[in-house]
Amino acid sequence: MNRVSYLMLNSIKFYSMKKTAFFFIFIVTILWVCYVFYSGESLAFGIDVSHNSGDIEWQKVKNQKQYAPIQFVVIRATMGKDRKDKLFSENFNEAKSNGLIVGAYHYYDPEENSIVQAENYLSTISLKRGDIRPVLDIEDTGNLQTVERLREELKKWLNIVEREYRVKPIIYTSYNFYTQYLKDYEFDQYPLWIASYSLIRRNDPIVLESDILQFSDEVRVDGIPEFVDGNDAKNLEKIRLW
């Protein structure tokens, strides 16, 4: 089951008492299904997790039957200048040992030094050939600097990590944050992982051209006690380290 099927099921449940709204969502979903099938787009289903996801039984995750097979997982490694996800090493190693393609992301704190944040991330991870590229998660502008300064600091982080791994990191952010703060400011050169849960935006160029689409934050997966984010990657090989 890809993002379209998942969203169809949830649309039915959510709009059962609102027939007009459901009908509209249903039509949009059908159009998107047609686009996926007739365009030949092949999607890889994956999830992202942190210690907030609870204790994960990775063998159950690998063998879950509720959706399409999970092919990749991106795990939070660090936050800000000195915080580390307390289950990162365990989750990363267990997911990898169970045959999943793995990646690691840094949650960016806009109110802390970008260079120190990059050092925190690089000292925590050790990505290998075949893993997903480094990922920067940016969701907030903070209150201590201008947006222009934030963009400069983000580029510092990205440049430091790019020098270390010799590939451009992936930027994860929401649709609204990207369009308001990052679009047209030289961030389009980086692979984009966009969070957009709206079916209405399925044909938006930013969504269509993103490398990974996070389509829901309420996916249930066997072996994980909490809801997780569901993601589809258009070309998984493109965003891996080679």
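Considering segment 219-242, and only residues there that are over 12 Å from the mean Cα position of the chain (by Cα) and acidic (D, E), the residue that is farthest from E162 (Cα to Cα) turns out to be D222. If we scan segment 125-143, do we find a residue that is in the same structural domain as I75 (by TED's automatic domain parsing) and closer than 15 Å to D232 by Cα? Within segment 125-143 (the criterion being in the same structural domain as I75 (by TED's automatic domain parsing) and closer than 15 Å to D232 by Cα), the answer is yes, since at least one residue qualifies.
Checking each residue in segment 36-71 for being surrounded by fewer than 16 Cβ atoms within 10 Å (Cβ to Cβ), within 26 Å of S210 (Cβ to Cβ) and at pLDDT below 95 picks out F37, Y38, S39, G40, E41, S42, Q66, P69.
Considered as a group, the residues in segment 135-152 that are farther than 18 Å from E186 by Cβ and in contact with a Phe, Trp or Tyr (Cβ under 9 Å, 6 or more places away or on another chain) include one that is surrounded by the most Cβ atoms within 10 Å (Cβ to Cβ), and that residue is V135. Taking segment 50-100 as the range and being over 18 Å from the mean Cα position of the chain (by Cα), of a type in the set (A, V, I, L, M, F, W, C) and part of a helix (DSSP H, G or I) as the test, only W58 passes.
Within segment 101-126, which residues are surrounded by fewer than 21 Cβ atoms within 10 Å (Cβ to Cβ) and part of a loop (DSSP other than H, G, I, E, B)? Across segment 101-126, the qualifying residues are D109, P110, E111, E112, N113, S126. Of the set (1) in a helix (DSSP H, G or I); (2) out of contact with any Ser or Thr (no Cβ under 6 Å at 6 or more places or on another chain); (3) free of Cβ contacts under 8 Å to residues at least 40 places away in the same chain, all apply to I200 but (3).
Given the criteria in contact (Cβ under 8 Å) with a residue 12 or more places away in the chain, assigned by TED's automatic domain parsing to the domain that holds E218, over 14 Å from the mean Cα position of the chain (by Cα) and crowded, with 16+ Cβ neighbours inside 10 Å, does I160 qualify? Yes; evaluated as a whole, the condition is true for this residue.
The values are calculated or read from the model by the stated rules, or taken from the named source; none is laboratory data. If you're wondering where the values come from, they're calculated on a predicted model, not measured in any experiment. Methodologically, a virtual Cβ is constructed for each residue, glycine included, from the backbone with ideal geometry; neighbour enumeration extends over all protein chains shown.
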